[in-house]
Amino acid sequence: MSYTLGLVNHLSAAKLNNAARVLWSYYRSRRLGRSVISGLPYAMSIEPTTACNLGCTECPSGLRQFSRDTGTLDLTFFNEALEQVSPHLIYLTFYFQGEPFINQQFFDMVKAASDKRIFTSTSTNGHFLDEKRVEKTIESGLDRLIISIDGTDQETYEQYRVNGDLEQVIDGVERLEKMKKQEGKGPYTEIQFIVFRHNEHQVADMKKLFRKLGSDKLSFKTAQVYDYNSKEEIIPLNEKFARYARDQEGKLKIKNKLLDHCWRMWHSCVITWDGNVVPCCFDKDASHQLGNMKDRSFRDIWFGEDYQNFRNKILKSRSEIDICMNCTEGTKVWI
């Protein structure tokens, strides 16, 4: 099944009506220059765990450099949260930081969301696609699976995916695609290649590998670098592969013009493993906590003063908000 058709199959009149109200309130807020919110988010990310088996060099999980608490999402809390958000939710991403497949209750969570006609997606480094987990992936009803492969040989691959095994990932993807054909169902699989300076020469080779794997889509994503002026050596030389450009002083800056609005603040949000609601996936350390679902209802948080104040800051001067300084909203980041 195509990605678009799979998404359409999860729609309902009530969810479409809510999405329309969200869209209306976003454009009204832009016109007025102050936050107006009508409707609840139709897209959401939730964090299965902050744990990861790899040590990726630009990832807080891989570097073990969180300032916030780390842990794993509990199934009981997830089900309680799901009851609150499922009536208006169209799209649920089981990912923020960490490797989702490490959570032993991950497939139960996906199944619970799928049973409520929510389109489910996750992103994985691909090291857990053994036969048992592939079977569970298919049976859970997961709709979309992004698998990161950032190199076509082990030497290149492990420069970013530290402790990773490229052959193990490829075997897992092939196992998944074979079982999808046998079962006649399974997630829409997207291979994602993050482009750095050390692997930009392998773009053509990645296309060949993708055809061999037989997955549904191949995406080339620009790399996010937290301190891009001190780590210039990992940013691709080819400008179309980079999300940064040089200013008049020769310093790197995000290509995003950082206009004073952001669609994400109206249609989506992120829930951390321990229940904190944060504005978007660029807030890796959950430094902008707008409420916790273990203490308050999601509706109360979404329409609450803290969230409204944050949206108003976006509309007033987005360039002054720290998490926006590496944001790609409104720019083309897929190659």
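The values are calculated or read from the model by the stated rules, or taken from the named source; none is laboratory data. All figures in this text were calculated on a predicted structure; none of them were measured in a lab. Don't worry about glycine lacking a Cβ; one is built from the backbone with ideal geometry, like all the others, and counts go over all protein chains shown. Ligands, DNA and RNA are excluded from the accessible area calculation, which covers all protein heavy atoms including side chains. Shrake-Rupley method; radii C 1.70, N 1.55, O 1.52, S 1.80 Å.
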Given the conditions (1) modelled with pLDDT of 90 or more; (2) open to solvent by less than 40 Å² (accessible area, probe 1.4 Å); (3) outside any helix (DSSP H, G or I); (4) of a type in the set (S, T, Y), which single one is not true for S287?
(2)
Any chance the range 236-247 includes a residue that's among the small types (G, A, S) and without any contact (Cβ under 8 Å) to a residue 12 or more places away in the chain?
yes
Output for the range 201-230, where each listed residue is not polar (S, T, N, Q) and not in a helix (DSSP H, G or I)
G214, D216, K217, L218, F220, K221, A223, V225, Y226, D227, Y228
Only listed residue being under 27 Å from L129 (Cβ atoms), hydrophobic (A, V, I, L, M, F, W, C) and surrounded by fewer than 16 Cβ atoms within 10 Å (Cβ to Cβ), chosen from A223, A245, A204
A204
Going through (1) touching a residue at least 40 places away in the same chain (Cβ under 8 Å); (2) surrounded by fewer than 18 Cβ atoms within 10 Å (Cβ to Cβ) one by one, P187 fails only at (2)
Where L176 falls short, out of the listed (1) farther than 20 Å from I138 by Cα; (2) in contact with a Ser or Thr (Cβ under 7 Å, 6 or more places away or on another chain); (3) of a type outside the set (F, W, Y):
(1)
Determine if the range 261-275 includes at least one residue that is outside any loop (DSSP other than H, G, I, E, B), open to solvent by 20 Å² or more (accessible area, probe 1.4 Å), in contact with a Gly (Cβ under 9 Å, 6 or more places away or on another chain) and closer than 30 Å to A51 by Cβ.
yes
Can you confirm whether the range 39-53 contains a residue that is over 18 Å from the mean Cα position of the chain (by Cα) and among the hydroxyl-bearing types (S, T, Y)?
no
Is it true that some residue in the range 306-329 is among the β-branched types (V, I, T), assigned to a loop (DSSP other than H, G, I, E, B) and free of Cβ contacts under 8 Å to residues at least 40 places away in the same chain?
yes
Subset of the range 305-335 [at pLDDT below 80, open to solvent by less than 70 Å² (accessible area, probe 1.4 Å) and within 11 Å of H261 (Cβ to Cβ)]
E329
Consider L54 against the criteria (1) under 25 Å from I118 (Cα atoms); (2) assigned to a loop (DSSP other than H, G, I, E, B); (3) open to solvent by less than 10 Å² (accessible area, probe 1.4 Å): it satisfies all of them except one. Which criterion is unmet?
(1)
Please verify whether W302 is more than 30 Å from Y244 (Cβ to Cβ) and either among the β-branched types (V, I, T) or surrounded by 16 or more Cβ atoms within 10 Å (Cβ to Cβ) (or both), treating the condition exactly as stated.
yes
